[in-house]
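The values are calculated or read from the model by the stated rules, or taken from the named source; none is laboratory data. Keep in mind that this is a model prediction, so the values were computed, not measured. Positions of Cβ are generated from backbone atoms using ideal geometry, with glycine treated the same way; all protein chains shown enter the neighbour counts. Just the protein is used for accessible areas: all its heavy atoms, side chains included, with ligands, DNA and RNA removed. Shrake-Rupley method; radii C 1.70, N 1.55, O 1.52, S 1.80 Å.
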Amino acid sequence: MPDRLDLPQGTLDLLILKSLSLGAQHGWAISERIQQVSRDTLQIPQGSLYPALHRLERRGLVRAEWGASDNNRKAKYYELTRAGRRQLEAETTAWERLTAAVQLVLRMA
Amino acid sequence: MLSDLRFRLRALFQRSAMERELDAELRFHLERETEKYVRTGISREEAERRARIALGGVERIKDDARDARGTQLIDSLAQDLRYAARRLGSTPGFTVATVLTLALGIGANAAVFSIVNGVLLRPLPFPDSERLVAVYTRLGSDFPYFALSGPEFADIGNRVNAFDGIAGYGFAPGTLTRENGEAERVLTMRVTSGFFHVLGVQPARGRAFTDEEAQGSESCLALLAHDASGRGSTAIGSTIRLDDAPCHVIGTMPEGFAFRNDQVKVWTALRINGEETPINRGSHSIAAIARVRAGVSAEQVDAQLQALRAYWSEQYPDHHATEHFAVTRPLHEDFVGDQRDALLLLGGAVVFVLLIVCVNLAALLISNGQARRREFAVRHALGAHRRRLIRQLIAEAMLLAVIGGVIGIVLANMLLAGLLAFYPQRLPVSQPITIDYVAVLYACALVIAAGFLIAFVPALNTTGGRLQETLRADSRTGTASRRAVAARSVLVVSQLALSVILLVGAVLLIRSYQQLQQVDLGIEPDHVLIFGLFIPAGRQPDAAAARRTLAAIEDRLAATPGVVTAGAVSSLPLAAAGPPDMFAIEGRPEPPPGAPAPGARYLMATPRMFAALRIPLKRGRLFVDGDAPGRPFVAVINETAARLYWPGDDPIGRTIRYYPQETSPSIQIVGIVGDVRSMGPREPAPPAIYVPLLQAPRPPYEGRTMTFIVRAPNRPAAVSASARAAVASIDVGLPLANVRPMSEIVSAATGQPRFTTLVMSFFAGVAFFLAALGLYGVLAYSVEQRIREIGVRVALGAGKREILRLIIGNGMGLALMGVGVGVPAALTLTRLMGGTLSGVTSTDPLTYIAVVTMLATSTLLASYLPARRATRVDPIIAMRTE
């Protein structure tokens, strides 16, 4: 297994938003999905997920609600708000432009 | 942003619910993570362990989540306050003392502010009162605000469109007799028909008089005050007798209505003589107010008044020379302008006192803080930011300030009552001055400012320097305590400077008041009893007979055993002001353009009046019994009149006539008497003419109302009894009005400066005491900290005197710095005091010398005890001291 990369700052929010764009999830599920989808390369300290979720909720980008999980236990589900969706688009575009630019510079040498 | 706010509010008020939610979330997470590992075949225990590692420290997560909620600030503030409350509770003595001093400081400020607000800031109780102005005529710089004449009044009414009405008024005492026969002396107002319209007030019942009714000379129409008509005894339509003339009551005024004087009971019509004659234009006797039309600006009013000025100088060039024109003054300022300077001065001074109180407390907190440095050092080492520690100290000071403020507001009521009891001006009853919400808001602002002020320096001092050094085992408190002494010294210097400023202000006021007391009023008011007598037409229809009765009473009074002499005058100095009456000097043409027509206060007097008040005769002669009706009319003028109207000439032997000249007798001037400052010690004496009561050369002035002056060395009660007996012996049943000693009247004339001086001196005294206390405190503290150093000096051979010099020198040095800052500040600030001072300039050297001397003396006293303590230091013990 290749070494897990540490997550650059500020991108955790973006990943959470993206993960939620596919549907409402609870905290653990978000963590699992990011791990799976990144093919296990990304190392997110699971604990930092929850403060990030609180921050996103405070900013009005996600909404939280208690519901029943698939094994019928109570879990707190998060879903994207309209503002969250807009933010996700904006940040994704910004990220793609940034990485493209960096790629160009790196290829130059 | 809204969601942000909502979230934070929820976090604030539902904190435990949110904590529980997070807890549940994290447990859920752990469960699922554990399941994940269990499914791969790992034992439950091992799975749980891995799950916990994967998640990370739960407490840390909770902390971070709490931070993310954004209520951190409020949470820690709440914690600060709880801690502060505990601390203050553990030192009850200190807390009570500081809270009480703060309460007094804030309470005093709230009380003084209430007076300032009630008198100066609160608008007049009339609709749109900012549009109300008082209208005057300006006669050069000598008479900037003079009464209007009838034609001027009419001109302004006709030509100045910017005014939505102009009205004239005047006050006069009178006797009101109701239908049921009961009579009382009342104050009445004569007003023109537009008066109530200008004020924007309507009678509560009935109506006001119209223009025609006012100008017509038929029956008298009257409006009564609310409480004068109450009691059902006088209704609209009934007839009362005012000064024995019948008046129909046509209305009553609303409760609490008052204009300049809340004791007015009756309003009757004022007839303005607008006839266009040169004499009439020059008779300035109308007090006027006007309402500026809505939507009209001040510039427009000015422009119209300028146009009027141009018109006047064109139409009446003889009368209206360049310096003679109409001016206005906002009515509020007209009412209270003379109290403004004094009130603002006191308002500022009391703030200074609070400043000094705060600085005192700050110094105390610095010493306290030194003892707590270890505690703060530990907290700092455990990760608290310096800012957090400072916030803690600010919270403590703020808590003190808030408690002090609450108690202060309660105290303020008492303090206000005390101040108002001594307040020299009569304040309107309809708008009582209380600690209202404005004063409370002001107090709150002061509390917040005080809290920060008290905390600022101690907070920096306690948490500054190198905090961690306090924790070292071998730490010497040297540097830290030196810094504390330095901080306290700075505070003491500021206290001394502030108290210098207050002291200079107080001493200036005291000196000014002394000068005022020494002003020669022109009379000798001691051992003189005053009372008024009025013979209404109903009692004695013949005015001449009434005058003879009054003269007879005067004779009887003068002959009473125990009475040195007695006299009577129509208008007593200092008790009543009146407009001057114009006269013409025979043999001289009409007054030259620009100069006002000769005018003087017209006073009727008995011959003995001058002796009774001890008004000196300067030249010529006084009245004698021979100046009786039927004999040539004579008059005596005062020095000012002689100087103004007969400059370089001798008035004795000249004759004057009142207007209209054709029907007025020729009056010869036979003597010149000394000036009387009838307007008070601060105003120059106005010109005055005295005529014999019995001659009464001007029929409108009947002489029925006279003020009697009885000079007797006995106590007022005894003299008053003799006076009543004397009056009764001539005319039983004639009531004496307003019996009082003349000294009371004189004292009332200096009431305002006395009040200001007393209150200011009290503030200065308190400030001075506190500053001296602060000085003592810092020196005592400094000696404590320097025990080792002093011990070393003594061991090295320093004598008692040297040590004394050291400490006292320290104190003197601080005082010198205080003076160095305070004196220039005082010089600048006292320039603003000009309005309250008389006879003394704000840079009066004697004052400053006195203040510096006081300061030096108190510094010596304050330094003495610490210095003595220093000389008692035993070097051996000192060396061992930590």
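Listed values, structure above:
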read-out: Residues of the range A:35-83 satisfying the condition of being within 12 Å of the chain's Cα centre (by Cα), part of a helix (DSSP H, G or I) and away from chain B (no Cβ under 11 Å); value: A:Val37
read-out: B:Phe126 vs. criteria away from every other protein chain (no Cβ under 14 Å), open to solvent by 30 Å² or more (accessible area, probe 1.4 Å), outside any strand (DSSP E or B) and at pLDDT 90 or above; value: no
read-out: Residues of the range B:826-862 satisfying the condition of being open to solvent by less than 30 Å² (accessible area, probe 1.4 Å) and part of a helix (DSSP H, G or I); value: B:Ala826, B:Thr830, B:Met833, B:Thr836, B:Thr847, B:Tyr848, B:Val851, B:Leu855, B:Ser858, B:Thr859, B:Ala862
read-out: Output for the range B:18-38, where each listed residue is within 10 Å of another protein chain (Cβ to nearest Cβ), buried (at least 18 other Cβ atoms within 10 Å of the Cβ) and free of Cβ contacts under 8 Å to residues at least 24 places away in the same chain; value: B:Glu25, B:Phe28, B:Arg32, B:Glu33
read-out: Any hit, the range B:311-327, residues being within 21 Å of B:Glu130 (Cα to Cα) and not acidic (Asp, Glu); value: yes
read-out: Single residue of the range B:619-641 satisfying the filter (over 18 Å from B:Leu603 (Cα atoms) and assigned to a strand (DSSP E or B)) that is most open to solvent (accessible area, probe 1.4 Å); value: B:Arg619
read-out: Extreme residue, surrounded by the most Cβ atoms within 10 Å (Cβ to Cβ), among residues of the range B:425-453 that are at pLDDT below 85 and polar (S, T, N, Q); value: B:Gln431
read-out: Selected residue [facing chain A (nearest Cβ under 8 Å) and of a type outside the set (Ser, Thr, Tyr)] from B:Gly41, B:Gly57; value: B:Gly57
read-out: First in the range B:591-610 and at pLDDT 80 or above, second anywhere and among the hydrophobic types (A, V, I, L, M, F, W, C) and part of a loop (DSSP other than H, G, I, E, B), Cβ under 7 Å, 6 or more apart; value: B:Met604/B:Leu693; B:Met604/B:Ala696; B:Ala605/B:Leu693; B:Thr606/B:Leu693; B:Pro607/B:Leu622; B:Pro607/B:Phe623; B:Pro607/B:Val624; B:Phe610/B:Leu622
read-out: Number of the exception - B:Ala537 against (1) within 22 Å of B:Leu574 (Cα to Cα); (2) outside any helix (DSSP H, G or I); (3) among the hydrophobic types (A, V, I, L, M, F, W, C); value: (1)
read-out: Residue list for the range B:174-219, restricted to those being open to solvent by less than 60 Å² (accessible area, probe 1.4 Å), touching a residue at least 24 places away in the same chain (Cβ under 8 Å), over 35 Å from the mean Cα position of the chain (by Cα) and farther than 30 Å from B:Val292 by Cα; value: B:Thr177, B:Arg178
read-out: Within the range B:137-159, tally of residues that are touching a helix residue (DSSP H, G or I) at 6+ places or on another chain (Cβ under 9 Å) and either more than 30 Å from B:Arg309 (Cβ to Cβ) or surrounded by 21 or more Cβ atoms within 10 Å (Cβ to Cβ) (or both); value: 8
read-out: Per-region count, the range B:269-305, residues assigned to a strand (DSSP E or B) and more than 33 Å from the chain's Cα centre (by Cα); value: 1
read-out: Qualifying residues in the range B:60-85 (those that are modelled with pLDDT under 75 and open to solvent by 30 Å² or more (accessible area, probe 1.4 Å)) - the one nearest to the other protein chains (Cβ to nearest Cβ); value: B:Gln72
read-out: Sole residue being within 8 Å of another protein chain (Cβ to nearest Cβ) and open to solvent by 50 Å² or more (accessible area, probe 1.4 Å), chosen from B:Arg8, B:Arg49, B:Arg15; value: B:Arg8
read-out: Qualifying residue in the range B:642-664 (condition: part of a loop (DSSP other than H, G, I, E, B) and closer than 29 Å to B:Pro753 by Cα); value: no
read-out: Residue count for the range A:84-97, restricted to those that are open to solvent by 20 Å² or more (accessible area, probe 1.4 Å) and within 13 Å of chain B (Cβ to nearest Cβ); value: 1
read-out: B:Ala162 over 30 Å from B:Ile240 (Cβ atoms) and crowded, with 17+ Cβ neighbours inside 10 Å; value: yes
read-out: Residues of the range B:183-211 that turn out to be acidic (Asp, Glu) and either modelled with pLDDT of 85 or more or more than 16 Å from B:Ile250 (Cα to Cα) (or both), as a count; value: 1
read-out: Selected residue (only one of B:Val301, B:Val327, B:Val336, B:Val353 is more than 20 Å from B:Gly168 (Cβ to Cβ) and either crowded, with 21+ Cβ neighbours inside 10 Å or touching a strand residue (DSSP E or B) at 6+ places or on another chain (Cβ under 7 Å) (or both)); value: B:Val353
read-out: Filter result (touching a Phe, Trp or Tyr at 6+ places or on another chain (Cβ under 9 Å) and part of a helix (DSSP H, G or I)) within the range B:547-588; value: B:Leu550, B:Ile553, B:Glu554, B:Leu557
read-out: Hey, B:Leu88 part of a loop (DSSP other than H, G, I, E, B) and buried (at least 17 other Cβ atoms within 10 Å of the Cβ) or not; value: no
